[in-house]
Structure formats: C-alpha cells, structure tokens
Amino acid sequence: MKIGFIGLGNMGAPMAANLAAAGHKVTGFDLVAPCPDGVAKAASAAACSAGKDVVITMLPNGAILRNVAAEIIPAMTAGAALVDCSTVDVESARAVAGLAIAAGLLAVDAPVSGGVGGATAGTLTFMAGGTDAAFAKAAALFEIMGQKAVHCGGSGAGQAAKICNNMILGATMIVTCEAFALADKLGLDRQKMFDVVSTSSGYSWSMNAYCPAPGIGPKSPADNGYKPGFATDLMLKDLRLSQQAAEAVDADTPLGAAATELYRRFVEDEDGKGRDFSAMLPRFEKRHRGD
Ligand code: NAD
C-alpha cells in the first residue's frame, strides 16, 4: 500500500519504520522529527496525504489532530482511509471521522497500548472505532504494527476503550502503591506482600506485570530508578481525557476523578514530572496520614 504517516515522534517513528520494513511505500511528515529509515519525507501534511491508500496520524492531542485533519482530508483520494492512532478526546475523534466520511473517506480511530517498546517491537494493541469496511482496510497494517487489534464499535469507540482502560490503570496503580506503603508501615515484607496479592483477589496488571516496588516481581521501571516506561504526564493526559468524557456524558467516576487529581498534584506540584507513573510508590513512602 501507499501510506502517509503524520507525526513521527516517539511512537510514530518506529510504527512508520515497521510499515516500511514490511514492504509498504511509506511517506512521512512531521513538523520537527526526522523520517526514520525507509520512510520518504514529504514537504507538508497535505503532500504526505495526497494519492495514498491509507494516511495514519500519531499526534499529541485532539486540537492538533483537528488542525491536521482539516488540512489533509481535502487532499486525500476518495475511498482512502484516515487512521488516527493518537490518544485524543472522544469528541475530536468523532468530529474528525465525521469530516472524513463526509469527504468520501473511510475513518478509524485506533489508539494504542504498549508504549514505545511495543511500537518498536511491533507488538502494540490497537483499539479501533469505525465501520467494518474502514476497520478491514486498516487491519493488515495493525497486524504489522501490533499483535492485537480489537474492533470496539463505531467512530470514537477506540478512544472510549482506551480512556476507560487507562482510568482503571491509573486508579489501580495508585492503590497498589498505597498498599505497599501501608504494608511497609505494618512491618509486612514487600516480597511476601507480592507473593500473596499477585495470586489473590488483589492481583492486577500493576501488581503482577509492572510491580511498583523495586526488586519485586518481573523487571519494571521501578528497577530502573522509575525512568519511564509510561510517564506520569502521559497518565495524567489520559486521566484528564477520561474526566472530560465523563463530564460530557454525565458519568459518575469518583475514583477516576481522585486519580486525576493525585497525578495532577504529582506532576504539577511535586516531583513526578518525567518519572514513570509507578513512582507513586516512593511518593507515598514519604507521606503521612493527612498530608
Ligand atoms: P511525541 O510528542 O513524541 O510525538 C508527536 C509528534 O507529532 C512530534 O514529533 C511532533 O513534532 C509531531 N507533530 C505535532 N504537531 C504536528 C503537526 N501539526 N504536523 C505534523 N507533526 C506534528 O508523542 P508520542 O509519545 O509519539 O505520542 C503520540 C500519541 O500517542 C499521543 O497521542 C500519545 O498520547 C499516544 N501514546 C503514547 C504512548 C507512549 O508511551 N509514548 C503510548 C500510547 C499512546
């Protein structure tokens, strides 16, 4: 396929490189980042999109996505697919899909989980929203860039799945860290805590696969000085999107709201910025009840 790829940052560059390595003809565009090996550089987003079978975007947020979409949709060929893999608000995802469909294009919102490691290894999980025809057109590319793609429903369903998942992740990581800090003060050995919880009803991905306590469980950012991994600022972004969505549809999400506020404090008022989101554990270690 002829593919345009817009947004060649930490995630986009390795994803585009994997598509090129699989034999697709990939043209890229980014305001600042260089094109990875095998990807030809376009002079503008519109030039990157003209005459392509599929255009993929991997951009920072919904406002930027809307601007880029307004520029590229008129340049795209009827019947081509616009596949947005960024994590953005559900409203922007639906608005962009609406514009694309009105212009005779196929549209998929397909945010990912798996981080830079997954993007590089081609093992991302895609959560996709759009029509069956749109999903079918993108599916072969998801197979190259990832190991799993779930068609979640119509436009915006991929973003909805992503923010619900990450709201669970944020709240679960916080309570896992709280529990380790409580266990410390109760004199419970961390390894014993892990041995029990990881095989009991408190188990979770945060505990079992990404344990926030160094030296416990499988290797995780905690074993690397809490270098990300998945950075606190990205977790805060996704939690804010969950609260924006909850506000829009009048959903009561008290733990999601509390998790958002805690990560906001950690990133903006404390020393959490740039650290892995599991660094909530050293944060709790230093605190006392009522702090
Ligand atoms: P990044 O900041 O490294 O990359 C974004 C790229 O978009 C940058 O290179 C920037 O120059 C480019 N860009 C911005 N405006 C542009 C424009 N108008 N035209 C062309 N290029 C433009 O971010 P990232 O880590 O690659 O993340 C991209 C998206 O993926 C975000 O929505 C993020 O939430 C999501 N995501 C990231 C991760 C992760 O671990 N990094 C994991 C899952 C999802």
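Tabulated results
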{"quantity": "Added length on full extension, which subtracts the Cα-Cα distance from 0.36 nm per residue, Asp184 to Asp269", "calculated": "28.1 nm"}
{"quantity": "Most to least packed among 181-188, 113-120, 80-87 [average Cβ atoms within 10 Å]", "calculated": "80-87, 113-120, 181-188"}
{"quantity": "Loop chymotrypsin sites (Phe, Trp or Tyr not before Pro), segment 171-233 (other Cβ atoms within 10 Å of the site Cβ: 11 or fewer; DSSP)", "calculated": "none"}
{"quantity": "For segment 1-122, size of Cβ-based charge dipole, Lys and Arg +1, Asp and Glu -1, in debye", "calculated": "240 debye"}
{"quantity": "Distance from segment 204-256 to segment 101-145 (C-alpha centre basis), Å", "calculated": "23 Å"}
{"quantity": "Size of electric dipole in segment 71-163: Cβ of Lys, Arg +1 and of Asp, Glu -1, about Cα centre, debye, nearest 20", "calculated": "160 debye"}
{"quantity": "Within the accessible area of the chain (1.4 Å probe), percent carbon and sulfur", "calculated": "58 percent"}
{"quantity": "Per residue value of the accessible surface for the chain (all protein chains in place, 1.4 Å probe), Å²", "calculated": "45 Å²"}
{"quantity": "Test item: Cα-centred dipole of the chain, Lys/Arg +1 and Asp/Glu -1 on Cβ, debye", "calculated": "460 debye"}
{"quantity": "Members of Lys219/Lys273; Lys192/Lys273; Lys2/Lys41; Lys237/Lys273; Lys25/Lys137; Lys219/Lys286 lying beyond 20 Å, as alpha-carbon distances in this model show", "calculated": "Lys219/Lys273; Lys192/Lys273; Lys219/Lys286"}
{"quantity": "Candidates per trypsin sites (Lys or Arg not before Pro) in segment 205-255, loop by DSSP, up to 12 other Cβ within 10 Å", "calculated": "Lys219"}
{"quantity": "Positive minus negative residues near Val197 (Lys, Arg vs Asp, Glu; Cβ under 15 Å)", "calculated": "-2"}
{"quantity": "DSSP-defined antiparallel bridges as percent of all bridges, the chain, nearest 5", "calculated": "15 percent"}
{"quantity": "Positive-pole candidate from Ala149, Ile163, Ala251, dipole of the chain, charges at beta carbon", "calculated": "Ala149"}
{"quantity": "MRE, 222 nm, helices only [DSSP H, n ≥ 4, -39500 (n - 2.57), over the chain, to nearest 500]", "calculated": "-14500 deg cm²/dmol"}
{"quantity": "Segment 34-88-segment 179-198 distance, computed between alpha-carbon centres (Å)", "calculated": "48 Å"}
{"quantity": "Solvent-accessible area of Glu71 with every protein chain in place, 1.4 Å probe, in Å² to the nearest 10", "calculated": "90 Å²"}
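The values are calculated or read from the model by the stated rules, or taken from the named source; none is laboratory data. Keep in mind the model is a prediction, meaning the values are calculated, not measured. So basically every Cβ, Gly included, is an ideal-geometry build from the backbone, and we count neighbours across all protein chains shown. Note: areas computed on protein heavy atoms with side chains; ligands, DNA, RNA excluded. Shrake-Rupley method; radii C 1.70, N 1.55, O 1.52, S 1.80 Å.
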